[in-house]
Each structure stands twice: as C-alpha cells, then as structure tokens.
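The values are calculated or read from the model by the stated rules, or taken from the named source; none is laboratory data. Since the model is a prediction, treat every value here as computed from it, not as a measurement. Neighbour counts are summed over all protein chains in view; Cβ atoms, including those assigned to glycine, are modelled from backbone coordinates with ideal geometry.
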Amino acid sequence: MYLRRFLFSGLAALVAVGGAALAQQAQPAPKVAVTQAWARATPGKSTIGTAYATMTAPAGDRLIGAATPVARVAEIHQHTMDNGVMKMRQVDAVPLPAGQAVVLSPGGYHIMLIDLKAPLIAGQSFPLTLSFEKGGTVETDVAIGGVGASGPAGAMAPMDMSEHKG
C-alpha cells in the first residue's frame, strides 16, 4: 500500500514538473515592437525602394527577413563606409539587443524593396511583415513620405539649439 502511494506520488510529481516544463517551453518569445515604419516615394518608373522602421525587442533577438506584397523581393541591406566609399550589401540579420531601440535608417540598415509592382506614392502606405529569429513575425503599415523624406511623417527632426539665446 505504501509503495503504491509512494509510486503514485512520484509519478504525479513527474507529470507536474514535466507539464510545467512543457508549458514554459511553449511560451512564445515576446513580440518585437515595430514603430515609425516609413518609406520614400519612388521617382518615375523606379522599381527599387527602401523601407525603414524602429524595432525594440524585450529580449535579445535578430531581424532575419522581410516580405511585402508591393515588391517581388524584400531583403535586409546595410550601408557601410569602406575607405571613404559608401557601399551597400545584403546581410543575413540585424541584431536587436534586449530593450534597445534599433533604427533602420538611410545610410544604415534598411529593407531593400526589389522589383516594385507599382510606384510608392507619397501619402499612401503598404503592409510589411518582418521576421525575427525568436519573436516570429510582426506586421506593420509603412507610411510613404515624399521622394526626399528623411524620416517618418510626423517625426520631429532634431533641432539645433546652439545659437538659441534664452
């Protein structure tokens, strides 16, 4: 009798611990916050565009891919300076340190939109799905600014207060 109760208690404890471990493993990674997604309008019949955004991962993660219905291909690219020459290359991932905002921006990391199906027109928007190594996918709307836009619409540009006398 005691042996049966002991074995049953042990089995129940194993099931409880195993169930808790499975539940812990089944928890999805926290979603990456994607904000201020924007793109520049494309001039003329250009079939190439770029998209930018700010991403913050609660836990360390990596941006590993992108997709959008407005282009045949969306790749992660990075501009780098090499002996005074700006170069652009495709990269496999963008590291996202835990809790730190990572900004995709002109002159840095960005999403290259290749073989656009139609021009990107200022004032419109398009969907973009970003894929993360741990956090799965996040869908966002990308606001299209003017051809010469330098940031997302409505974002404040830094102000030079050096000559301000107050």
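How many residues are polar (S, T, N, Q) and closer than 13 Å to residue 34 by Cβ if we restrict to region 50-67?
Residues that pass the stated criteria total 2.
Is one or more of the residues making up region 64-74 among the β-branched types (Val, Ile, Thr) and in contact with a Gly (Cβ under 6 Å, 6 or more places away or on another chain)?
No, because not a single residue in region 64-74 is among the β-branched types (Val, Ile, Thr) and in contact with a Gly (Cβ under 6 Å, 6 or more places away or on another chain).
May I ask you to say which residue of 131, 150 is part of a strand (DSSP E or B), on the phi < 0 side of the Ramachandran plot and either at pLDDT 95 or above or loosely packed, with under 13 Cβ neighbours inside 10 Å (or both)?
After ruling out the rest, the residue left standing is 131.
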